[in-house]
Amino acid sequence: MTAGAALASDSEGVTILHENGEGKAANPGRSPMYSMQAFLEGKLKLEEFARSEEERPTVPHNVFDETLPIIDIGALKDGTPEERANNVAIMLEAAKSWGFFKITNHGVPLEVVKQVEVNGKEFFALPMERKLLVRAPDFVFGYTGGSPLTWKSKWWLEGLMIKVTDDALDELVAQVYPDEGEFAARFKKDLKSFFSPMHELSRFIVEELTQALGLERDSFTRLESPNSNCTGRMNHYPVCTDPDVVLGIPPHADTQMLGILYQDDVGGLQVLKDDEWVGIKPDDSTFVVNIGDTFQAVSNGILRSSPHRAVVNAKKDRYSTIYFYGIDNTITLTVPTELVTEDRPLKYRPFTVSEHRKYIVDNEAPLHSARHLLIDPQAT
Ligand SMILES: O=C(O)CCC(=O)C(=O)O
Ligand SMILES: [Fe+2]
């Protein structure tokens, strides 16, 4: 165990490594230490990030497969009936087979997401003690300098997860930038300009897919509430002198309904498709959309929440910016009866998003994270 640290349990019962109140964390004593933080502070060596032979990246960051379907959101909104039908069909098929697709003509100006990325770079460039002021106590919201140090898996990234409410954003910015200067104001304003259209876009895509499944458009979006963990996430993958043995973020699936991701031009996002790792090419005219575990489960497994990962490289830091769309955390979600047929019996049990999130954290973000929600976890 690392010097100056002790094991403790946080309020959700997740066992994580806590520092002994050192630093000026907002939550000293409750805040875990994270892998990249420990590396940057000289408390963890690069060798300790090394994956086993089977887990090492087989595809480098700059090798891509360009067959991921691209959906024209403009045509979905304003196209002819044929264009609409065509795009809906491609999107539904992609959501079933890949769990991923790209979207173009999505209406969110590139400058909006680029500005969030620029601000994120400034945040990640702050001295560690400043970032630790908003350290995530439970791996949900705040600065996560990697994976919790108690986890076997050491992630080569640092992330900032921001709850999408004005209050949460105000509080986070006030903690990191107490002087309330020009940068703090811009940081908040730019995030708000990003959150609002990304939220609308996520809702629109969820509703189109829901309707394509044969349900009322708002069957799931009406379950949004102040308890929905809609989250903005920024990831920073520092260059690594040994990119062939570490992973930025290991194979995992996302918790919520849907994610919309923008990656810079470096490359590194890879999706597991038909048991092969496939690199997704960066491209400023599109965003990458992926189905999360919640959508997979409430669609009775018709939509796919695909494992994905991020690999790193030795030349250039990489940044990604994501909007995760979630529905209420605490209500019990069940599969709509319309999606249960003789050919497709009920596969998923009732669950809550917060129960699922806790499972993921307690189990160190396992690869098949939605499996515990199956009625018969042995069935695949
Ligand atoms: O950075 C990326 O491309 C992927 C990040 C990711 O999968 C996540 O943050 O959940
Ligand atoms: Fe992810």
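Show the residue pairs meeting these rules: Cβ distance below 6 Å; 6+ apart or different chains; first residue within region 208-228 and over 15 Å from residue 296 (Cα atoms); second residue among the polar types (S, T, N, Q).
Pairs that qualify, where the first residue is over 15 Å from residue 296 (Cα atoms) and the partner is among the polar types (S, T, N, Q), are 217/210; 217/211; 227/329; 227/330.
Is there any pair with a first residue in region 247-263 that is under 25 Å from residue 50 (Cβ atoms) and a second that is more than 9 Å from ligand 1 (Cβ to nearest atom) and among the β-branched types (Val, Ile, Thr) whose Cβ atoms are under 7 Å apart and which are 6 or more apart or on different chains, and what are they?
Every condition considered, the pairs that remain are 247/311; 248/311; 248/312.
Taking residue 274 and the conditions (1) of a type outside the set (Gly, Ala, Ser); (2) in contact (Cβ under 8 Å) with a residue 40 or more places away in the chain; (3) away from ligand 2 (no atom under 16 Å from the Cβ); (4) under 24 Å from residue 67 (Cβ atoms), which numbered condition does it fall short on, given that it satisfies the others?
Of everything listed in (1) of a type outside the set (Gly, Ala, Ser); (2) in contact (Cβ under 8 Å) with a residue 40 or more places away in the chain; (3) away from ligand 2 (no atom under 16 Å from the Cβ); (4) under 24 Å from residue 67 (Cβ atoms), residue 274 misses just condition (2).
In the list 132, 157, which residue meets the criterion of being modelled with pLDDT under 95, of a type outside the set (S, T, N, Q) and touching a Gly at 6+ places or on another chain (Cβ under 7 Å)?
Of 132, 157, the one residue that is modelled with pLDDT under 95, of a type outside the set (S, T, N, Q) and touching a Gly at 6+ places or on another chain (Cβ under 7 Å) is 132.
Of everything in region 307-322 that's farther than 14 Å from residue 282 by Cβ and surrounded by 23 or more Cβ atoms within 10 Å (Cβ to Cβ), which residue is nearest to ligand 1 (Cβ to nearest atom)?
308
Determine which member of the set 84, 30 is modelled with pLDDT under 95, farther than 19 Å from residue 311 by Cβ and not polar (S, T, N, Q).
Answer to the selection: 30.
If only one of 102, 24, 77, 121 is at pLDDT 95 or above, within 24 Å of residue 177 (Cβ to Cβ) and of a type in the set (Lys, Arg), which one is it?
Exactly one of 102, 24, 77, 121 is at pLDDT 95 or above, within 24 Å of residue 177 (Cβ to Cβ) and of a type in the set (Lys, Arg), namely 121.
Could you please let me know if residue 229 is within 16 Å of ligand 1 (Cβ to nearest atom) and open to solvent by 10 Å² or more (accessible area, probe 1.4 Å)?
Yes; evaluated as a whole, the condition is true for this residue.
Okay, residues lined up against (1) within 22 Å of residue 263 (Cα to Cα); (2) of a type in the set (Phe, Trp, Tyr); (3) in contact with a His (Cβ under 7 Å, 6 or more places away or on another chain); (4) within 16 Å of ligand 2 (Cβ to nearest atom):
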{"site": "122", "(1), (2), (3), (4)": "yes, no, no, no"}
{"site": "126", "(1), (2), (3), (4)": "yes, no, no, no"}
{"site": "138", "(1), (2), (3), (4)": "no, no, no, no"}
{"site": "144", "(1), (2), (3), (4)": "yes, no, no, yes"}
{"site": "154", "(1), (2), (3), (4)": "yes, no, no, no"}
{"site": "158", "(1), (2), (3), (4)": "yes, no, yes, yes"}
{"site": "163", "(1), (2), (3), (4)": "yes, no, no, no"}
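Let me spell it out: the conditions are (1) within 24 Å of residue 201 (Cβ to Cβ); (2) within 14 Å of ligand 1 (Cβ to nearest atom), and residue 369 meets all of them except one. Which number is the exception?
Against the list (1) within 24 Å of residue 201 (Cβ to Cβ); (2) within 14 Å of ligand 1 (Cβ to nearest atom), residue 369 comes up short only on (1).
Given the criterion more than 16 Å from the chain's Cα centre (by Cα) and under 23 Å from residue 307 (Cβ atoms), identify the matching residue among 230, 240.
240 is the lone residue from the list that is more than 16 Å from the chain's Cα centre (by Cα) and under 23 Å from residue 307 (Cβ atoms).
Taking the conditions exactly as written (modelled with pLDDT under 95 and either at negative phi or crowded, with 16+ Cβ neighbours inside 10 Å (or both)), does residue 17 satisfy them or not?
yes
Looking at region 27-86 only, could you name the residues that are in a helix (DSSP H, G or I) and hydroxyl-bearing (Ser, Thr, Tyr)?
35
Looking only at residues that are of a type outside the set (D, E, K, R) and over 22 Å from the mean Cα position of the chain (by Cα) in region 187-226, which one is most open to solvent (accessible area, probe 1.4 Å)?
Within region 187-226, the match that is most open to solvent (accessible area, probe 1.4 Å) is 211.
For residue 282, are the conditions met, namely being open to solvent by 20 Å² or more (accessible area, probe 1.4 Å), within 13 Å of ligand 2 (Cβ to nearest atom) and not polar (S, T, N, Q)?
Answer is no for this residue.
Across region 113-139, what is the number of residues that are buried (at least 18 other Cβ atoms within 10 Å of the Cβ) and part of a loop (DSSP other than H, G, I, E, B)?
Within region 113-139, residues that are buried (at least 18 other Cβ atoms within 10 Å of the Cβ) and part of a loop (DSSP other than H, G, I, E, B) number 4.
Those residues that are part of a loop (DSSP other than H, G, I, E, B) and open to solvent by 20 Å² or more (accessible area, probe 1.4 Å), I need them from region 239-253; list them, please.
Result: 239, 241, 242, 243, 244, 245.
Within region 87-112, how many residues turn out to be assigned to a loop (DSSP other than H, G, I, E, B) and crowded, with 16+ Cβ neighbours inside 10 Å?
Result for region 87-112: 5.
The values are calculated or read from the model by the stated rules, or taken from the named source; none is laboratory data. A quick note: this is a predicted structure, and the numbers were derived from the prediction, not measured. Neighbour counts run over all protein chains shown; Cβ positions are idealised from the backbone, glycine included. Ligands, DNA and RNA are excluded from the accessible area calculation, which covers all protein heavy atoms including side chains. Shrake-Rupley method; radii C 1.70, N 1.55, O 1.52, S 1.80 Å.
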